[in-house]
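The values are calculated or read from the model by the stated rules, or taken from the named source; none is laboratory data. Keep in mind it's a predicted model, so treat the numbers as computed, not measured. Backbone-built Cβ (ideal geometry, glycine too); neighbour counts: all protein chains shown. Accessible surface is based on the protein model in full, side chains and every heavy atom, while ligands, DNA and RNA are left aside. Shrake-Rupley method; radii C 1.70, N 1.55, O 1.52, S 1.80 Å.
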Amino acid sequence: MSGRPFVKMNGCGNDFVVVDALARPFAPDADQVRALSDRQAGQGFDQLIVIEPSSKGDAFMRVWNADGGSVQTCGNALRCVGWMLMEANGSDSVTIDTLGGPTIARRAGPDRITVDMGPPRLDWTEIPLAEEMDTRGIELQIGPIDDPVLHTPGAVSMGNPHVVFFTDRLDDAFVTGSGSLIEHHPLFPEGVNVGFAHVLAPDRIRLRVWERGAGLTKACGTGACAALVAASRRGLTGRRATVVVDGGELDIHWDEATGHVLMTGPVEVERTGMLAG
């Protein structure tokens, strides 16, 4: 690992260490990822991102969460990687392949990128769930059976699994307690990202997300997409909304013509550095 340059970036506060492995492979093990993610002793991040060669696009984006686990994709990181690739090749759009499938990123203004996240996957087998359910509102609740605190969340896959509860309770203790309870629930064989969405208006959602393997982060791009889709399917919002996350705002549009979800938001470079051995 020694001598590898990296770029520290964030999208709405969701932060990453990004390593360019286009010319030289970089494959850390889970222990190395966890050590690097440590905010005191390491570089500190929500996700480690490695940019690799791809035959299906301009690059392949590999993602590890802070706990050392590999995941399919990361919406905020797609904007950051898209920006880096466009800066490098001078283009206005790039195709980024991921374990969750290929994605197109485009410039949307100074330090703003739109990512085509593709169509949401809405069948119970695509989330995936352990049993057949209507994903507009699945049979899951927290609290007493006759008076649950949270119940009937929407389930959406944006290349990674999400459940979205609609609630006005968004304090740290509630989100952390409920999110950690649901993340490894047996209904979700691959684990799940847990969203807590408060619909403020038909075009505005306040969202906090407990991310699978990363915990409470300042923003979750795929979570923002999932929240808009889940809210729209229940008639709580239209197909376009501003999703307000802890680190800023994301514009999400579930395009009726294509069925794709488009996410627009900021990218920020924090610093560059070298990974120690």
Computed E for Arg239/Thr125 - FRET, C-beta separation, R0 30 angstrom, nearest 0.05: 0.80
Gained length - His184 relative to Asp134, 0.36 nm times residue gap less alpha-carbon distance: 16.0 nm
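If you add up the charges near Ala105, with Lys and Arg at +1 and Asp and Glu at -1, over every other residue whose beta carbon is less than 15 angstrom from its beta carbon, what do you get?
On the way: positive: Lys56, Arg79, Arg106, Arg107, Arg112; negative: Asp58, Glu87, Asp92, Asp97, Asp111, Asp116, Asp251.
Around Ala105, the charge tally is -2.
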The chain: calculated mean residue ellipticity at 222 nm from DSSP helix runs of at least 4, using -39500 (n - 2.57): -5500 deg cm²/dmol
Most positive-pole-ward Cα, Thr103, Pro119, Gly69, against dipole of the chain from beta carbon charges: Thr103
Zone of Asp172's modelled label, taken as backbone nitrogen in the stretch 238-262 under 18 Å from a point 7 Å along Cα→Cβ: 245-248
The stretch 20-26 - phi-based ³J(HN,Hα) in whole Hz, Karplus 6.51/-1.76/1.60, Gly and Pro as x: 7, 10, 5, 9, 9, x, 9
Portion, in percent, of the accessible area of the stretch 123-194 that falls on carbon or sulfur, probe 1.4 Å: 49 percent
Residue-normalised accessible area of the chain, expressed per residue, 1.4 Å probe, Å²: 41 Å²
Descending principal axes extents, the stretch 34-178, alpha-carbon based, whole Å: 58, 39, 29
Choice from Pro153, Pro53, Pro110 with maximal GNM fluctuation in the chain (Cα, 10 Å cutoff): Pro110
Share of carbon and sulfur in the accessible heavy-atom surface of the stretch 1-76 [1.4 Å probe, %]: 47 percent
Ile145 paired with Lys56, simple spin-label distance in nm, labels 7 Å along Cα-to-beta-carbon: 4.4 nm
Shape call, the stretch 204-277: gyration tensor on alpha carbons, a/c limit 1.5: prolate
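Which value, in debye to the nearest 20, gives the size of the charge dipole of the stretch 52-142 about its Cα centre, when Lys and Arg are +1 and Asp and Glu are -1 at the Cβ? Spell out each step's value before the answer.
Details: 8 positive and 14 negative charges, 87 e Å.
Value, rounded to 20: 420 debye.
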The chain: most fluctuating residue of Met117, Met133, Met158 per GNM, C-alpha cutoff 10 Å: Met133
Arg24 paired with Ala257, simple spin-label distance in nm, labels 7 Å along Cα-to-beta-carbon: 4.6 nm
Within-11-Å neighbourhood charge of Glu132 [Cβ basis; K, R +1; D, E -1]: -4
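In the stretch 5-73, what is the volume of the convex hull around the alpha carbon atoms, normalised per residue and reported in Å³? The partial results should precede the final answer.
On the way: hull volume 6.4 nm³, N = 69.
That works out to 93 Å³ per residue.
Mind checking the full-extension length gain between Ser70 and Thr272? Use 0.36 nm per residue of separation minus the Cα-Cα distance, one decimal, nm.
Value of the extension gain: 70.4 nm.
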Ranked packing of 56-68, 135-147, most packed first, by mean Cβ within 10 Å: 56-68, 135-147
Fluctuation leader among Arg79, Arg239, Arg24 - the chain, Gaussian network, Cα springs under 10 angstrom: Arg24
Whole-Hz couplings from phi, Karplus 6.51/-1.76/1.60, listed for the stretch 110-120; x for Gly and Pro: x, 6, 10, 10, 9, 10, 7, 7, x, x, x
